[in-house]
Amino acid sequence: MKKLEYEKPYIKKLHAGVMNKFGTRTGVQPVKSIDGVSVKSLIENYGSPVFVLSEKQIRKNYRSAYRAFSTRYPKVQFAWSYKTNYLNAVCQVFHQEGSWAEVVSGFEYRKALGNGVPGNKIIFNGPGKSNDDLKIAIENDSLIHIDHFEELNHLLNLTKEFTNKPRVAIRVNMDTGVYPLWDRFGFNYENDEAWTALSKVIDSGKLLLVGLHCHIGTYMLTTDAYGIATTKLCNLAMRCQIQLNHKIEYIDMGGGFPSTNTLKGAYLPGNDTVPSIDDFAEVITSTLLNFGFANEYLPMLILESGRVLIDDAGYLLGTVIANKRLSNGKRATIVDFGVNILFTSFWYEHQISPAQDFMPHSENMVIYGPLCMNIDVIRESINLPPLNPGDQVVVHKVGAYNMTQWMQFITLRPAVVLIDEQQHPHLIRANETLDYTQEPELIPTHLKASK
Ligand SMILES: *Cc1c(COP(=O)(O)O)cnc(C)c1O
């Protein structure tokens, strides 16, 4: 008979009270590799912590989102939301798939140009476009989405300097039944401000109104809101056609579809609660198709999805530094990545998996980052098998917003690796160095260190 493996005895603190509806099972499985590449080798070669992105998953997400819309509607175009993840390698995957670029600053705009995106396939959103930004966007015939009257007047003034008519859209905000309202961006629908802006653009004769845009929120949990928003933009387009004899070329519904991450405090996991891309596609496209546009004047449908296309393609690998018992008896585990590089841990309960085999019991614990800051909490409460110093962990669904909102705070930002479809890892952003962070610093002579 095969000798049974020795298992260390352990003492487990019993918590009084009822089980949750899922029983005691934690469902934790070790995650030892990502797309066929072992976690161990990734950390060995690129350091710990390290962000890892799956090209296969990004393409899969894009294709299923595109399919959801294009099988329901004849004219569909996606534009990759740069601020969600603007590492150039990531943008290029989306551009290869056929995505345009959606940018919200001059910095992002120039990044898109640098990535070879033709100017007329760049959508320029946001309330903060500078004079230079607007000029370069006009020069390159980009789609300028106007956010406020100052910008509209500014554009009208700039037209004197150009021979081509700038192509613009009006950003519209509206009541979609989801509160608080996102009414700080664009022109309001209900009080007719959007109509005023739109008429002003057309009456000027100096700008070409090609589209209507909205971005009604982010991580939206209801498809109804998109039905309402689509109807309102269609109303504006139709009114524009009838009263001003002007046809709108496209309706841009923005982004906002949720990824399957679990929001903090949610009763059920995101996997079980968020509507699918098909649910959103169905509402948006059926509203457009049934609205009453003549077939030849069906507007093109643009989508600027961000998080839903990349969140689950991103992982953060890290290493356990130490364990502690807090004064209340709760287990605390300290890992080598903090909230400065995992910004989304402020609103998601990220799933964390051990990257090696573990003992069968689990315990409720808090996961801390390495920063000397009280707010550095990765998970306030999670059931995991006890992890030992040196053990590796995988944090799931971190592809959206972390690699753009991360901060160089206390520690340096880590490397980012993309695993291609042939399961080869590629370094797409090197880890930061002391020299890199100090490069822009200057020291007045009287403060120079004396040797
Ligand atoms: C951030 C943003 C997006 C992407 O939003 P997601 O919620 O990540 O899909 C799209 N459009 C605009 C204008 C944005 O600001």
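Name the residue, out of PHE343, PHE358, that is within 27 Å of SER305 (Cβ to Cβ), aromatic (Phe, Trp, Tyr) and in contact (Cβ under 8 Å) with a residue 24 or more places away in the chain.
Numbers: PHE358 fails: within 27 Å of SER305 (Cβ to Cβ).
Every option except PHE343 fails the conditions.
Kindly provide the set of residues from the stretch 36-47 that are of a type outside the set (Lys, Arg) and surrounded by fewer than 20 Cβ atoms within 10 Å (Cβ to Cβ), ordered by number. Break it down into steps so the answer makes sense when it comes.
Step one: filter the stretch 36-47 for residues of a type outside the set (Lys, Arg), giving 36-39, 41-47.
GLY36, VAL37, SER38, SER41, ILE43, GLU44, ASN45, GLY47 - these are the residues of the stretch 36-47 that are of a type outside the set (Lys, Arg) and surrounded by fewer than 20 Cβ atoms within 10 Å (Cβ to Cβ).
Please give the number of the condition PHE358 fails out of (1) more than 16 Å from the ligand (Cβ to nearest atom); (2) of a type in the set (A, V, I, L, M, F, W, C); (3) modelled with pLDDT of 95 or more.
Checking PHE358 against (1) more than 16 Å from the ligand (Cβ to nearest atom); (2) of a type in the set (A, V, I, L, M, F, W, C); (3) modelled with pLDDT of 95 or more, the one that fails is (3).
Could you list, in sequence order, all residues of the stretch 386-424 that are among the charged types (D, E, K, R) and closer than 13 Å to LEU316 by Cα? Don't jump to the end; show me each part of the working.
Initially, the stretch 386-424 is screened for residues among the charged types (D, E, K, R), giving 391, 397, 413, 420-421.
Scanning the stretch 386-424 gives LYS397, ARG413.
When both residues are 6+ apart or on different chains and their Cβ atoms are under 6 Å apart, which pairs have a first residue that lies in the stretch 71-90 and is over 21 Å from LEU143 (Cα atoms), and a second that is part of a strand (DSSP E or B) and within 16 Å of the ligand (Cβ to nearest atom)?
TYR73/LEU301
Does the stretch 343-352 hold any residues that are among the β-branched types (Val, Ile, Thr) and part of a helix (DSSP H, G or I), and which are they? Can you show your working first?
Step one: of the stretch 343-352, the residues among the β-branched types (Val, Ile, Thr) are 344, 352.
Listed by number, the list holds a single entry, THR344.
Do any residues in the stretch 229-250 that are touching a residue at least 12 places away in the same chain (Cβ under 8 Å) have Cβ atoms under 9 Å from those of residues that are among the acidic types (Asp, Glu), where the two are at least six apart or on different chains, and which pairs are they?
Cβ pairs passing all conditions: LYS232/ASP175; LYS232/GLU190; LEU233/ASP252; LEU244/ASP203.
Which helices (runs of 4 or more DSSP H) does the stretch 270-342 wholly contain that include 2 or more residues that are surrounded by 24 or more Cβ atoms within 10 Å (Cβ to Cβ)?
Values: elements: 270-273, 277-290, 307-310.
Counting at least 2 such residues, we get 277-290, 307-310.
Of everything in the stretch 40-59, what is basic (Lys, Arg) and either free of Cβ contacts under 8 Å to residues at least 24 places away in the same chain or touching an Asp or Glu at 6+ places or on another chain (Cβ under 6 Å) (or both)? Give them in sequence order.
Step one: list which residues in the stretch 40-59 are basic (Lys, Arg), which gives 40, 56, 59.
The answer is LYS56, and nothing else.
Against the condition within 18 Å of ILE302 (Cα to Cα), buried (at least 21 other Cβ atoms within 10 Å of the Cβ) and more than 16 Å from the ligand (Cβ to nearest atom), how does ILE248 come out, does it pass? Working first, answer last.
Numbers: within 18 Å of ILE302 (Cα to Cα): yes; buried (at least 21 other Cβ atoms within 10 Å of the Cβ): yes; more than 16 Å from the ligand (Cβ to nearest atom): yes.
Considered against the rule, which asks whether it is within 18 Å of ILE302 (Cα to Cα), buried (at least 21 other Cβ atoms within 10 Å of the Cβ) and more than 16 Å from the ligand (Cβ to nearest atom), ILE248 comes out as yes.
Hey, could you check the stretch 86-103 for residues that are among the small types (Gly, Ala, Ser) and either farther than 11 Å from TYR62 by Cβ or crowded, with 22+ Cβ neighbours inside 10 Å (or both) and say which is farthest from the ligand (Cβ to nearest atom)? Steps first, please.
The initial filter retains those residues of the stretch 86-103 that are among the small types (Gly, Ala, Ser), namely 89, 98-99, 101.
This time we only want the ones that are either farther than 11 Å from TYR62 by Cβ or crowded, with 22+ Cβ neighbours inside 10 Å (or both), so: 89, 99, 101.
Values: ALA89: 19, SER99: 12, ALA101: 11 Å.
Step by step, filter the stretch 86-103, then rank; the result is ALA89.
Go over the candidates ASN290, ASN328 one by one and state the one that is more than 26 Å from the chain's Cα centre (by Cα) and assigned by TED's automatic domain parsing to the domain that holds PRO370. Reasoning before the result, please.
Values: ASN290 fails: assigned by TED's automatic domain parsing to the domain that holds PRO370.
None of the others qualify; the one that does is ASN328.
I need every pair where a residue in the stretch 290-312 that is within 16 Å of the ligand (Cβ to nearest atom) has its Cβ under 9 Å from the Cβ of a residue that is β-branched (Val, Ile, Thr) and assigned to a loop (DSSP other than H, G, I, E, B), sequence separation at least 6 or different chains.
Hits for this filter: GLY306/THR218; ARG307/THR218; VAL308/THR260; VAL308/VAL274; ASP311/THR260; ASP311/VAL398; ASP312/THR260.
Inspect the stretch 229-246 for any residue being among the basic types (Lys, Arg), assigned by TED's automatic domain parsing to the domain that holds THR287 and under 20 Å from VAL76 (Cα atoms) and give the result as yes or no.
Restricting attention to the stretch 229-246, the residues satisfying the condition of being among the basic types (Lys, Arg) are 232, 239.
When the remaining residues are screened for being assigned by TED's automatic domain parsing to the domain that holds THR287, the result is 232, 239.
Pick out the ones that are also under 20 Å from VAL76 (Cα atoms) and you get 232.
Yes, there is a match, as at least one residue in the stretch 229-246 is among the basic types (Lys, Arg), assigned by TED's automatic domain parsing to the domain that holds THR287 and under 20 Å from VAL76 (Cα atoms).
The values are calculated or read from the model by the stated rules, or taken from the named source; none is laboratory data. This is a predicted model, so every value here is computed, not measured. In this analysis, Cβ positions are derived from the backbone assuming ideal geometry, glycine residues included, and neighbour counts consider all displayed protein chains.
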